[in-house]
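The values are calculated or read from the model by the stated rules, or taken from the named source; none is laboratory data. Just so you know, these numbers come straight off a predicted model, no measurement behind them. Because the Cβ atoms are built from the backbone with ideal geometry, glycine has one as well, and the counts that use them run over all protein chains shown. Just so you know, the surface numbers come from the protein's heavy atoms only, side chains and all, with ligands and any DNA or RNA stripped out. Shrake-Rupley method; radii C 1.70, N 1.55, O 1.52, S 1.80 Å.
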Amino acid sequence: MALIKRVRSGRTYYLFPGGGVEAGETPEQAAIREAREELGVNVALGEPRYEEDFDGSRFVYFDARIVGGRFGTGLWPDHAERSTEARERSGTHEPVWVPLDELDGLDVRPEALVKLLGA
C-alpha cells in the first residue's frame with residue numbers, strides 16, 4: 001500500500017496519496033496527476049473505493065495499479081513553490097510502501113478507508 005508518511009508538529013501519521021482537484025480536472029485526472037507528483041509513478045485507475053467530505057472538500061479514493069515511473073521520485077511541485085519556512089511548518093512528506101498486514105497500529109487517515117481495506 002502506497003502511503004505518505006507525515007511528521008508534523010512532533011506527530012507521525014500516514015495519508016493516502018492525493019490532493020485537490022485543479023480547475024478543469026476530473027477527480028480521476030487529479031488522482032493520476034497526484035500519484036505522479038507525490039509518488040513518482042504513473043497509475044492506471046480502478047473504481048472509486050471510498051469518498052468523504054473533509055474540511056469543506058470532497059475526497060475520492062481510487063484503486064490504482066502502478067504502470068510506470070519509479071516509486072519515491074515524486075517532485076512535489078506545490079511544496080517546492082513554498083518558502084522554506086512554509087515547508088518546515090508543513091512537516092515532512094515521505095512516500096512509503098506499507099504491506100496491508102502492517103497497517104494495524106499505524107495512524108493512517110482516513111481510518112474508514114483502512115477499515116474498508118480490511119486492515
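A compact table of results
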quantity	calculated
Flag if A86 is without any contact (Cβ under 8 Å) to a residue 12 or more places away in the chain, open to solvent by less than 60 Å² (accessible area, probe 1.4 Å) and more than 16 Å from K5 (Cβ to Cβ)	yes
Test for V60: is it surrounded by 13 or more Cβ atoms within 10 Å (Cβ to Cβ), assigned to a helix (DSSP H, G or I) and within 14 Å of the chain's Cα centre (by Cα)	no
Residue pairs meeting the criteria (Cβ under 6 Å; at least 6 apart or on separate chains; first under 20 Å from D63 (Cβ atoms), in segment 10-24; second assigned to a loop (DSSP other than H, G, I, E, B))	Y14/L106
Of the criteria (1) open to solvent by 80 Å² or more (accessible area, probe 1.4 Å); (2) on the phi > 0 side of the Ramachandran plot, which one E81 fails	(2)
Checklist (1) open to solvent by less than 90 Å² (accessible area, probe 1.4 Å); (2) within 14 Å of M1 (Cα to Cα); (3) touching a strand residue (DSSP E or B) at 6+ places or on another chain (Cβ under 7 Å) applied to W97, failing item	(1)
Subset of segment 1-40 [in a loop (DSSP other than H, G, I, E, B), in contact with a Gly (Cβ under 8 Å, 6 or more places away or on another chain) and surrounded by fewer than 16 Cβ atoms within 10 Å (Cβ to Cβ)]	S9
Any hit, segment 42-57, residues being in contact with a Phe, Trp or Tyr (Cβ under 9 Å, 6 or more places away or on another chain), surrounded by 18 or more Cβ atoms within 10 Å (Cβ to Cβ) and closer than 23 Å to L116 by Cα	yes
Some residue of segment 26-33 being touching a Leu at 6+ places or on another chain (Cβ under 9 Å), touching a residue at least 24 places away in the same chain (Cβ under 8 Å) and within 26 Å of G105 (Cβ to Cβ)	no
